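Single-structure report; data block below.
The values are calculated or read from the model by the stated rules, or taken from the named source; none is laboratory data. The structure presented is a predicted model; accordingly, all values stated were derived computationally and were not measured. A quick note on method: Cβ atoms are made from the backbone with ideal geometry, for glycine too, and the neighbour counts reach across all protein chains shown. These area figures cover heavy atoms from the full protein model, side chains too; ligands, DNA and RNA do not enter into them. Shrake-Rupley method; radii C 1.70, N 1.55, O 1.52, S 1.80 Å.
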Amino acid sequence: KQEVTQIPAALSVPEGENLVLNCSFTDSAIYNLQWFRQDPGKGLTSLLLIQSSQREQTSGRLNASLDKSSGRSTLYIAASQPGDSATYLCAPTSGTYKYIFGTGTRLKVLA
Amino acid sequence: DTGVSQDPRHKITKRGQNVTFRCDPISEHNRLYWYRQTLGQGPEFLTYFQNEAQLEKSRLLSDRFSAERPKGSFSTLEIQRTEQGDSAMYLCASSQPWDTQYFGPGTRLTVL
């Protein structure tokens, strides 16, 4: 059974800092892994999708890496902004392609 | 393409009542997923449809829960005899096969 852990659970940083969010998963037989953002009381917004054959994906200030064999992914956010404040969720997929989510990292970027 | 929509956005009900939620997926997506999310937790998978066929159900989906997707278009999730433990955000997502899932805004259920 796939289990996903995200560290840290919460993070508060001043604006402009670069930061790294960590995700680990127990079953390395995944098709891909996706990072999402969730604002309070809202649905999920897709950020980056990394296929199992890829090592990393980039979108703007975001960079996600995947080390499938060790069951780890990281989300790097450059030059953080107050608008980046949200909960960040990682979700590997396998089997019928359902997402298995971690509990997320709650990020607060202070102006 | 207007994205995934869910209705209602909020539902308050008394314990023991039945509730039904609707999800309208992105029109060309043949896969539809339901998830449940409680406060401080990540979403948990409930069930999944490919077209009108319900292909997988989580053990979280007790016999009080039923989901349908008639004609492979919109989907409904019904909860019978609601309990306070059913209070959660119910999220719907749709996708093409093996592609990114796009999530709706969710339906927040409060059972009093």
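A crude spin-label estimate for the pair A:SER69 and A:ASP27, with each label 7 Å from Cα along the Cβ direction, gives 2.2 nm.
Residue-wise HN-Hα couplings along the stretch A:4-16, as the Karplus relation 6.51 cos²θ - 1.76 cosθ + 1.60 with θ = phi - 60° gives them from phi, are 10, 10, 10, 9, x, 6, 8, 8, 10, 9, x, 3, x Hz; Gly and Pro carry x. For B:GLU56, the residues 5 or more places off, or on other chains, whose built amide H falls under 5 Å of its own are B:TYR48.
Would you mind telling me the antiparallel percentage of the DSSP bridges in chain A, rounded to 5? The antiparallel fraction comes to roughly 90 percent.
Averaging Cα coordinates gives a centre for the stretch B:43-77 and one for the stretch A:15-32; these two points are 29 Å apart.
Ranked from largest to smallest solvent-accessible area, with a 1.4 Å probe on the protein heavy atoms, A:THR45, A:THR74 come out as A:THR45, A:THR74. Computed from phi, the 3J(HN,Hα) profile of the stretch A:22-38 under the Karplus parametrisation 6.51, -1.76, 1.60 (θ = phi - 60°) reads 10, 9, 10, 9, 8, 10, 7, 7, 10, 7, 6, 9, 10, 9, 10, 10, 9 Hz, with x in place of Gly and Pro.
Using R0 = 41 Å, the C-beta based FRET efficiency linking A:ARG61 and B:HIS10 works out to 0.80.
A simple rule links phi to the HN-Hα coupling: the Karplus curve 6.51 cos²θ - 1.76 cosθ + 1.60 with θ = phi - 60°, which for the stretch B:92-98 gives 10, 9, 9, 7, 7, x, 6 Hz, with x for Gly and Pro. Which entries in A:LYS98/B:LYS14; A:LYS68/B:LYS71; A:LYS108/B:LYS57; B:LYS11/B:LYS57 show an alpha-carbon gap greater than 29 Å? Over 29 Å Cα-Cα: A:LYS98/B:LYS14; A:LYS68/B:LYS71; A:LYS108/B:LYS57.
What does the average come to when, for each residue of peptide A:37-46, you count the partner chain Cβ atoms lying within 10 Å of its Cβ?
5
Measuring only protein heavy atoms, the 1.4 Å probe finds A:ASP67 accessible over about 50 Å². For the stretch A:38-53, backbone nitrogen atoms closer than 19 Å to the point 7 Å from B:THR110 Cα along Cα-to-C-beta are found at A:40-43.
Note on the protein assembly as shown: percent of Cα-Cα distances in each 10 Å bin, starting at 0 and stopping at the bin with the largest distance, equals 8, 33, 35, 19, 5, 0. In this structure the amide hydrogen of A:THR103, modeled in the peptide plane, comes within under 5 Å of the amide hydrogens of A:GLN6, B:GLY42, none closer than 5 places in sequence on its chain. Per residue, the convex hull around the alpha carbon atoms of chain A comes to 91 Å³. Of all DSSP-defined beta bridges confined to chain B, some 90% are antiparallel rather than parallel.
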